[in-house]
Every structure is written in structure tokens, then in C-alpha cells.
Amino acid sequence: EIYHHIGDVWRAMNYFKLAQFCYEETLEILGDEIDYRRLAYIYRIMSDLHKKQGNENDAIGYEQVANYIDPQCESSSTSNHEQLLKHQHELGTRHDITPLERAGLLYKIGLCLIKEGDYSAALEALLQTEQLFLEHRPETDCFVDKFATLYENLALTYLFLDNHLKALSMWRKAIDIRSTIPWN
């Protein structure tokens, strides 16, 4: 987990080689213990890092592995801004969505805003997601993992906003939640 977070920080600071090293360490340390969605997510990050470094062939390889592992996850080949607009449009036009579907859209919007560097708007979307998760929480391991990941992303957002104490608090919540998940 810590290598993953350090990789996120290096990636946000555009130190792609260091980020790549951290994500590779994450994969090596976790080995078979990692769940497939997180594995696909890391492979998508690796694909993105290779694209940014001009290694298109490696990027395609990582993207193909990610698609094989979790084909339901959004492809990183769609631009972040296009995804943001799509999610914002869906949130603004769909009136029949459940609170958890709304939380999912707000979460995706928050992630897109982080990637675009609009950390204040990202924080607002992620805090709304947290509120909806707290009010309408199903008790499944998958949801618990999503909740922990939300806190990790809140921590990263607070870190980018130079609120280090809040960032540590959010990471602590994520760790506490993850410590309750049975990883069988």
C-alpha cells in the first residue's frame, strides 16, 4: 500500500520513472494477494506512465493486460476531460439514480478533477461521495474496499492542497477500514 501511495505522489509530481518503480514494487510485494480490480487499476496506471514517457508499445501491453483482468473498468484511452464531461452530464441529467449511483458518479468526477489538478473541486465531489457512502452503506467486502479507496483519494487530495494533517487523518481511516477486510 505505501509504495502505491508514494507512486501516486511521484506521478502527480511528474516523476514518472520513480512512480513506475513504486508501482512495480507494489505489484511485486502484493503478488497473488492483490484483488483483480486493484491489479487492473495499477496496470492502467503503468500504461499511462509509459504513454507519458513515449513508450507506446509498453503502454498498449499494460492496457491490454488491464482490459483482460477487468474489462468493465473504463479504458484510459478515453481522455480524462471527456470522461469528466460524460460523468457531469450524466449526474446533471439522470434523475432516477439511487444515492449509491450518485455517489459513484461523484467519485468518478472527483478522480477526473484530481487528474486535471482542480483539487478544490475534487475535494468537494469526494466529500459528497463520503457523505452518501456513510448514509447509504451496504455491508459488502467490495464496498468496504471502495470506501477505503475513497479515503485514500481524499488523503491524496488533501496532500495536494497542502493540508497534511487532514491527509494523514484520511490515510489513517483508509488503513483502519482495510484492516477489517478478510483477504481470503
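Every read-out reported here was derived from the displayed coordinates using simple, explicitly stated rules and does not represent laboratory data. Just so it is clear, the model here is predicted, and its values are computed rather than measured. Glycine also receives a Cβ, built like all others from the backbone with ideal geometry; neighbour counts cover every protein chain displayed.
In table form, for the structure just shown:
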| read-out | value |
| --- | --- |
| Distance between segment 133-173 and segment 88-130 - C-alpha centres, whole angstrom | 14 |
| Members of 86/108; 115/166; 52/86 lying beyond 18 Å, as alpha-carbon distances in this model show | 115/166; 52/86 |
| Fully extended contour minus Cα-Cα distance, from residue 80 to residue 172, at 0.36 nm per residue | 30.3 nm |
| Bins of 5 Å from zero: percent of alpha-carbon pairs in segment 81-170 | 3, 15, 24, 24, 18, 11, 4, 0 |
| Segment residue 24-residue 68, extension gain: residue separation times 0.36 nm, minus the distance between their alpha carbons | 14.0 nm |
| Over the chain: helical MRE at 222 nm, DSSP H runs n ≥ 4 each giving -39500 (n - 2.57), nearest 500 | -25500 deg cm²/dmol |
| Dipole magnitude of segment 80-178 about its Cα centre (Cβ charges: Lys, Arg +1; Asp, Glu -1), debye to nearest 20 | 120 |
| Total formal charge among the other residues, if their Cβ is under 11 angstrom from that of residue 16, Lys/Arg +1 and Asp/Glu -1 | +3 |
| Cα shape, segment 2-69, gyration tensor, a/c 1.5 rule | oblate |
| Note, ³J(HN,Hα) from phi for segment 124-133, Karplus 6.51, -1.76, 1.60, rounded to Hz, x at Gly and Pro | 4, 5, 5, 5, 5, 4, 4, 4, 5, 4 |
| Environment charge of residue 136, counting only residues whose C-beta is closer than 11 Å and scoring Lys/Arg +1, Asp/Glu -1 | 0 |
| Rough spin-label spacing in nm, given labels placed 7 Å along Cα→Cβ, for residue 35 and residue 101 | 2.2 |
| Square roots of 5 times each gyration tensor eigenvalue, C-alpha, the chain, largest first, Å | 24, 20, 18 |
| Unit charges on C-beta of K, R, D, E only; dipole of the chain, Debye | 360 |
